[in-house]
Amino acid sequence: MICNPWGAEHINAHRALRQLSRKLSGAGLHVLRFDYFGAGDSAGDMTQTDLRGWENDIKSALAELGSITGSRRVSLIGLRLGATLAAKVAVSLDPGVNSLVLWDPVVDGRAYLDELYAASRVVPTADGQLVSRPLVLRPSDLGGGYEILGFPLTAGMARELKELNLVALTPDLLRRTLVVLSEPQVYCCTLGMVLGASDAVAPTIEQIKAFRCWIDPWPNVGASPVAIINRISQWLT
Amino acid sequence: MSGGTNERAIIFGAEKSLIGIVTQPLPVPSGERPAVVILNTGIIYRIGHNRMYVALARTLAEAGHMVLRFDMSGIGDSDNRNDGLGPLDANLADIRDAIDWLAATLRVRRVVLVGLCSGADHAILFAGSDCRVAGVVLIDPNLPTHGPGYFGRRMLRWRTWTNFFSGKGLFWSFLRRKFVRTIEITREDEGVQWQNPISNSQLLHAFQESAKVGIQMLAIFTGGSRDAHKVLMNLVQRKGNERLFRLKYFDRNDHTFTFEVDRNRLSDEMMQWLRQTGF
């Protein structure tokens, strides 16, 4: 089962995640992609969501997948925020999930928020130029927070994101975990050190230089991180 | 399902390869009111930039319109077609498949096509070819750079010929551009060169055909350019055709409607236009 990233990252990555799902299904695996509440085609909007709700959505989707396929073994694949949420669910359901793939996970929620805020300060103007400007505040009666890359990030969601800490989950991570990194990341190095030092888990951490599919692909429209897709497929099958 | 609307996923097309989401008002209206079909922008899948088409579809459905937003072949969750059509023809065939599905399944008789950028181009190129299209909402469409009789008029200008013999003007600048680009694309670090696959004459014909068969049009242009009015008026030419067009400039908008206030304005503008045109 594939867990999406947040907001604009989800839209940008949709093509790659579909390709991953087709690769896996071609290899004989049932695959479920789904949208969290308030995201994609699902009901609601982003102002009505929270991370705890999205974790429950992952659990509901797992139940649905089991019900549709009758399969007793399940792997969770998550990209960016989806990876972090997948890890949280996997830990909470252990031994309900057999293996876990964390693709460029959000390791430190505070750093992720800073990254989102920084990206949102560079905005396109009417004539197509990119300029720096302050974040756009949202009305407090509509959940507050900011507009981030075209999506509302409410104050409540920002608080939850800030508390995310993948490193803290490592002692409980599944033995069969693959961490795939498209590029060196400071926080992922921290994760790697913790994972490497832990006796409890034996994860596979791999850096595979590839196109970061969650970033606005222009002008590489349609490009896909083929090496990562192939590696995940190979590892799972 | 939310409020007074209902949403469901559909699979359609001859090969059942196209995927879309239908948003219906509750109770389901009769087939008299046009349904709205929202087309992809580039390769962004059916929810649109910033998920704008999801919100738009729900707003339109709450106002009583059936809405279909779908992925054209090879985009989002839809598979490629296997009928050998080229990309543009495949896109236009996909739109026909979508309208056929609405007609066969929901008894829709008329549709309004909505598109941004390439979606707007597809909407206008398709519109005149199918009598079920009653209106189009074109957001930042490509416009023909020159209208009918353009070259003939230029040939009659004295300046055209003085430019030609002095190495200036459009002819020579065209050759220079072509020559320079030929050199540039041989460089190893050259990025992808994007060219609009739709020709000027195709666009020109599409706009004229649309006006000829009386299709209502809302055209919205983001950014600061205000040239569209002149171009559109040149295209329609015939007296009385002006009533088919509503032209709006969203001066402060960026092309992909990054901000909520701009998306809300788009939604309001569309709602107002639909009401005023009797849709």
Exercise for review: Could you grab me the full set of residues in segment B:22-46 that are farther than 18 Å from B:PHE12 by Cα and facing another protein chain (nearest Cβ under 10 Å)?
Suggested key: B:GLY42, B:ILE43, B:ILE44
Study note, to complete from the structure: Scanning segment A:11-22 for residues that are at the interface with chain B (Cβ under 10 Å from one of its Cβ atoms) and in contact (Cβ under 8 Å) with a residue 60 or more places away in the chain gives A:ASN12, A:ARG15
Check your understanding: Quick one: is A:VAL74 touching a residue at least 40 places away in the same chain (Cβ under 8 Å), over 29 Å from B:ARG69 (Cα atoms) and not polar (S, T, N, Q)?
Key -> yes
Check your understanding: Restricted to segment A:22-50, and to residues that are in a helix (DSSP H, G or I) and over 24 Å from B:GLU7 (Cα atoms), which residue is farthest from the chain's Cα centre (by Cα)?
Key -> A:GLY26
Review point. Where residues in segment B:228-272 are closer than 22 Å to B:ILE47 by Cα, more than 16 Å from the chain's Cα centre (by Cα) and away from chain A (no Cβ under 14 Å), which of them is surrounded by the fewest Cβ atoms within 10 Å (Cβ to Cβ)?
Key: B:ASP268
Point to revise | Among the candidates B:LEU143, B:LEU92, residue that is buried (at least 22 other Cβ atoms within 10 Å of the Cβ) and touching a residue at least 12 places away in the same chain (Cβ under 8 Å) | key: B:LEU143
Exercise for review: Pull up segment A:125-136, narrow it to residues that are within 11 Å of chain B (Cβ to nearest Cβ) and under 28 Å from A:ASP50 (Cα atoms), then point me to the one that is surrounded by the most Cβ atoms within 10 Å (Cβ to Cβ).
Suggested key: A:VAL136
Study note, to complete from the structure: Scanning segment A:154-182 residue by residue, the ones that are within 22 Å of A:PRO5 (Cα to Cα), more than 16 Å from the chain's Cα centre (by Cα) and either within 14 Å of another protein chain (Cβ to nearest Cβ) or free of Cβ contacts under 8 Å to residues at least 60 places away in the same chain (or both) total 5
Review point. Does B:THR5 meet the test of being within 14 Å of another protein chain (Cβ to nearest Cβ) and at pLDDT below 95?
Key: yes
Check your understanding: Hey, any hits in segment B:205-226 for a residue that's at pLDDT below 85, more than 25 Å from A:THR125 (Cα to Cα) and out of contact with any strand residue (DSSP E or B) (no Cβ under 6 Å at 6 or more places or on another chain)?
Key -> no
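The values are calculated or read from the model by the stated rules, or taken from the named source; none is laboratory data. Please read all numbers here as calculations on a predicted model, not as lab measurements. Because the Cβ atoms are built from the backbone with ideal geometry, glycine has one as well, and the counts that use them run over all protein chains shown.
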